[in-house]
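Trainee: Just passing along the structure, written as structure tokens.
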Amino acid sequence: MSSAVTVPKTQLVLFDVGSTLVDPFPSSREIVLRVLLDGGMRLDLSDLQQAEPQAWQSVSHLLPFQRYGRAESQVFWNAFYSALLDCLGIAHDQHIRGKIYHEFQRVENWRCYPDCLPALNELKAAGYRLGVVSNWEEWLDTLLVALGLSELFEVAIAFGNFGRAKPDPSIFYEALRVVGVSPDRAVYVGDSLRDDVEGARAAGLRPILIDRQTRFPLADVERISSLTELMSLLE
């Protein structure tokens with residue numbers, strides 16, 4: 001007589017940060033545009049929208065990160081902003097690239113998505129333990145405090161401090177070790193198929209893709225468009 005398979009109860013929900021819990025405010029393009037307009041350049045948001053795909057393609061060989069700290073981050077973003085300005089036909093120098101980079105280090109240029117705090121508070125009230133695993137620089141803790149998120153999380157691992165980046169499974173293992181939860185009792189929520197879904201799977205976690213703009217409608221993974229949908233998948 002066969003016995004029913006028992007599915008382990010989820011205890012821990014881990015989250016990506018950028019494009020999952022928070023996003024640049026008012027938007028990444030508007031932040032870049034503000035710097036360029038202050039520098040006397042003549043362009044608009046549509047110019048940036050046109051130039052971005054080619055710029056991202058030009059730095060795709062630098063991804064995924066093997067290590068990720070402030071120094072490595074600066075190298076990557078310097079390459080991206082150089083490519084972006086080249087695509088815009090703008091002569092650029094280190095001052096412009098440095099100013100753009102600095103703007104994205106300012107916590108006031110980041111906001112939580114509207115669904116973030118309500119969903120996290122609902123999960124917390126239901127007894128789930130929460131944490132963050134992110135390809136962020138060393139200032140992740142500062143950001144979480146500024147946005148009122150830090151007290152909700154038992155663990156927050158930034159690659160800038162840990163030294164390895166998603167999709168390397170070691171960063172997920174570190175979060176599980178700190179909290180003391182096994183992979184089969186943990187869920188990971190993020191927006192990237194490579195870094196988040198593949199990384200979580202490699203570490204033995206259950207991945208859930210948050211696809212706010214329906215970029216991956218055919219992805220072979222559980223998918224939500226808002227964090228408010230998460231509770232129903234966990235129950």
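The values are calculated or read from the model by the stated rules, or taken from the named source; none is laboratory data. A quick note: this is a predicted structure, and the numbers were derived from the prediction, not measured. All Cβ positions, glycine included, derive from the backbone under ideal geometry; neighbour counts span all protein chains shown.
Trainee: Just to check your reading of the model, which residue among G131, G127 is in the same structural domain as I171 (by TED's automatic domain parsing) and touching a strand residue (DSSP E or B) at 6+ places or on another chain (Cβ under 8 Å)? I'd like the intermediate steps shown before the answer.
Mentor: Values: G127 fails: touching a strand residue (DSSP E or B) at 6+ places or on another chain (Cβ under 8 Å).
Just one listed residue meets the conditions, G131.
Trainee: Let me confirm something: among D196, D211, which residue is surrounded by fewer than 20 Cβ atoms within 10 Å (Cβ to Cβ), touching a residue at least 12 places away in the same chain (Cβ under 8 Å) and in contact with a Ser or Thr (Cβ under 9 Å, 6 or more places away or on another chain)?
Mentor: On inspection, the qualifying residue turns out to be D211.
Trainee: I'm trying to understand the selection: among the residues of region 190-225, which are more than 17 Å from L130 (Cβ to Cβ), assigned to a strand (DSSP E or B) and not hydrophobic (A, V, I, L, M, F, W, C)?
Mentor: Correct list: E222, R223.
Trainee: Something else now. Report whether or not R70 is buried (at least 17 other Cβ atoms within 10 Å of the Cβ), more than 18 Å from V187 (Cα to Cα) and touching a residue at least 12 places away in the same chain (Cβ under 8 Å).
Mentor: Considered against the rule, which asks whether it is buried (at least 17 other Cβ atoms within 10 Å of the Cβ), more than 18 Å from V187 (Cα to Cα) and touching a residue at least 12 places away in the same chain (Cβ under 8 Å), R70 comes out as no.
Trainee: Across region 17-34, what is the total count of residues that are touching a strand residue (DSSP E or B) at 6+ places or on another chain (Cβ under 7 Å) and assigned to a loop (DSSP other than H, G, I, E, B)?
Mentor: Residues in region 17-34 being touching a strand residue (DSSP E or B) at 6+ places or on another chain (Cβ under 7 Å) and assigned to a loop (DSSP other than H, G, I, E, B): 4 in total.
Trainee: What number of residues within region 113-138 are within 23 Å of K99 (Cα to Cα) and crowded, with 17+ Cβ neighbours inside 10 Å?
Mentor: Qualifying residue count for the region: 3.
Trainee: Can you tell me which residue among A55, A83, A91 is part of a loop (DSSP other than H, G, I, E, B) and more than 29 Å from R177 (Cβ to Cβ)?
Mentor: Sole residue among the options that is part of a loop (DSSP other than H, G, I, E, B) and more than 29 Å from R177 (Cβ to Cβ): A91.
Trainee: Being surrounded by fewer than 23 Cβ atoms within 10 Å (Cβ to Cβ) and over 24 Å from P118 (Cα atoms) is the filter here; which residues of region 140-166 pass it?
Mentor: G160, N161, F162, G163, R164
Trainee: A further question on this structure: Looking for whichever is of a type in the set (A, V, I, L, M, F, W, C) and farther than 25 Å from D141 by Cβ here; the options are V197, V179. Which one fits?
Mentor: After applying the criteria, what remains is V197.
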